[in-house]
């Protein structure tokens, strides 16, 4: 889901940078109010977890690869705004150091994976785990559902961003200037892969992590954060 | 052991296992992620390289492209796996450092 340079035209790249500015500003303002100094190590662990989970590429035999994002977990534990900051840092390092995701696409990639994914995941988790005791199985299920839905909404959105490019930018002869695949190809491809495979990876890692924390550190689980 | 210590150990184990994310796709002959093809792959897929894509795709010269060292592409999986682990250590180390700095600036002290 790391959109590289050259797949999005300047209008889309610019739009998402502009869209992320108020989100990053709000994130730092809100995290400043809510994050306690003793939670900083967990935030760093959340960012590290997301980074390393994204390195576990899962193959579709003979086809493409993909991976989980691991970002819903940080959102559940520390709130979606803190998760937004943690995932943003991971994505920026991946783009700058490893060329994973484009420089021009940092705005769009952060919008999909550092904003939409943790927010959708967080609210799904809250809804499904509503009123469940800390040690309830429903919290594990809620985490899995949240991971699955969070990554799939983000992947669909990435598909839309890819798919709009041939409509927005093409030569007089009809050749695409950026991503050549339209909505009818890009959205089913991105959504399909994540619905069938990568979404389940996100669901399983998120659910297992919550199950582990229920046993080892239930004090980390309360629905704190904003 | 403190829970954060346990979780850091977990991250370290995941880093050491990360080459699985390189080896298994290779084994199943799985290619790039959807929408993350290089310019030459694009030529094969649609028969041309979109002009804007060609121009922008080489915009940034990452120091360790694709979590490997430059020039190691043909070195084989053991080398690439080692480079993958080193990439994970450097990338995660830098990410953690930045998050700690940002967290220190933002977080409320003494709580």
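A short reminder: the numbers here are calculations on the coordinates, not readings from a lab. As the structure is a computational prediction, the values presented were derived from the model and not from experiment. Neighbour counts run over all protein chains shown; Cβ positions are idealised from the backbone, glycine included.
P(r) for region A:1-59, please, calculated from all Cα pair distances in 5 Å bins and given in %.
Calculated P(r), rounded to whole percents: 4, 13, 13, 16, 19, 18, 11, 5, 0.
Evaluate the distance, in nm, between pseudo-label points positioned 7 Å from the Cα of residue B:82 and of residue B:6 along their respective Cα→Cβ axes.
Going from the residue B:82 label point to the residue B:6 one covers 3.5 nm.
Once the Cβ-Cβ distance between residue B:59 and residue B:105 is put in as r, and R0 is 30 Å, what FRET efficiency do you end up with, to the nearest 0.05?
Values: r = 30 Å, r/R0 = 1.01.
Efficiency, rounded to the nearest 0.05: 0.50.
Rg and Dmax of region A:95-226 over Cα atoms: what are they, in angstrom?
Values for region A:95-226 (Cα only, Rg and Dmax): 18.1, 62 Å.
What's the percent breakdown of Cα-Cα distances in region B:16-67 across 5 Å bins, shortest bin first?
4, 15, 20, 22, 17, 14, 6, 2
For region B:1-44, what is Rg from Cα atoms divided by 2.2 N^0.38 Å, rounded to two decimals? Intermediate results must be reported in sequence, preceding the final value.
Details: Rg = 16.8 Å, N = 44, 2.2 N^0.38 = 9.3 Å.
Relative to the 2.2 N^0.38 Å estimate, region B:1-44 comes out at 1.81.
Starting from the Kirkwood radius over alpha-carbon pairs of the protein assembly as shown, derive D by Stokes-Einstein at 37 °C in a medium of 0.692 mPa s and give it in µm² s⁻¹. Show your work: numbers first, answer last.
Details: Rh = 20.1 Å.
Stokes-Einstein gives a translational diffusion coefficient of 163 µm²/s.
Suppose only helical runs count, i.e. DSSP H with n ≥ 4. What mean residue ellipticity at 222 nm does that imply for the protein assembly as shown under -39500 (n - 2.57) per run, divided by all residues and rounded to the nearest 500 deg cm²/dmol?
Values: 14 runs with 213 residues, N = 337.
That comes out to -20500 deg cm²/dmol.
Tilt of helix A:40-54 relative to the longest C-alpha principal axis of chain A, in degrees (0 to 90, nearest 10)?
Computed tilt is about 40 degrees.
Suppose we keep just the alpha-carbon trace of region A:30-84; what are its Rg and Dmax in angstrom?
Spelled out, the Cα radius of gyration and Dmax of region A:30-84 are 14.1, 48 Å.
Hey, rough spin-label estimate for residue A:26 and residue B:29, points 7 angstrom out along Cα→Cβ, what's it come to in nanometres?
For residue A:26 paired with residue B:29, the spin-label model returns 4.8 nm.
Over the Cα atoms of region B:66-111, what Rg and Dmax result, in angstrom?
So, for region B:66-111, Rg and Dmax equal 16.3, 52 Å respectively.
For chain B, just run the numbers: alpha carbon Rg, then divide by 2.2 N^0.38 Å, N being how many residues it has. List each step's numbers first, then the result.
Working: Rg = 18.7 Å, N = 111, 2.2 N^0.38 = 13.2 Å.
With N residues counted in chain B, Rg over 2.2 N^0.38 Å equals 1.42.
Can you give the three extents of the C-alpha atoms in region A:142-187 along their principal axes, from longest to shortest, in whole Å?
50, 13, 9
Report the full-extension gain for the segment residue A:18 to residue A:175: residue separation times 0.36 nm, less the Cα-Cα distance, to one decimal in nm.
On the way: separation 157, 0.36 × 157 = 56.52 nm, distance 2.78 nm.
That pair, residue A:18 and residue A:175, stretches by 53.7 nm at full extension.
Hey, what's the per residue convex hull volume over the C-alpha atoms of region A:45-115, in cubic angstrom? If you can, show how the numbers build up before the last one.
Working: hull volume 6.0 nm³, N = 71.
Dividing the Cα hull volume of region A:45-115 by its residues yields 85 Å³.
Considering all projection directions equally, how large on average is the shadow of the alpha-carbon convex hull of region A:170-226, in square nanometres? Provide the component values of the computation, followed by the final result.
Numbers: hull surface 27.0 nm².
Computed as one quarter of the Cα hull surface, the answer is 6.7 nm².
For an R0 of 25 angstrom, estimate the FRET efficiency from the Cβ-Cβ distance between residue B:13 and residue A:135 and round to the nearest 0.05.
0.50
What Kirkwood Rh does region A:1-138 have if only Cα atoms enter the pairwise 1/r average? Answer in Å. Please list the in-between numbers first.
Working: mean 1/r = 0.0635 Å⁻¹.
That comes to 15.7 Å for region A:1-138.
When the Cα centres of region B:56-106 and region A:115-160 are compared, how far apart do they sit, in Å?
29 Å
For A:193, A:161, which order do you get if you count the other beta carbons within 10 Å of each Cβ and list the fewest first?
Working: A:193 23, A:161 26.
Final ranking by Cβ density, sparse to dense: A:193, A:161.
Using the number of other C-beta atoms within 10 angstrom as an exposure proxy, rank A:50, A:129 with the fewest first. Write out the running numbers ahead of the final one.
Working: A:50 29, A:129 23.
Final ranking by Cβ density, sparse to dense: A:129, A:50.
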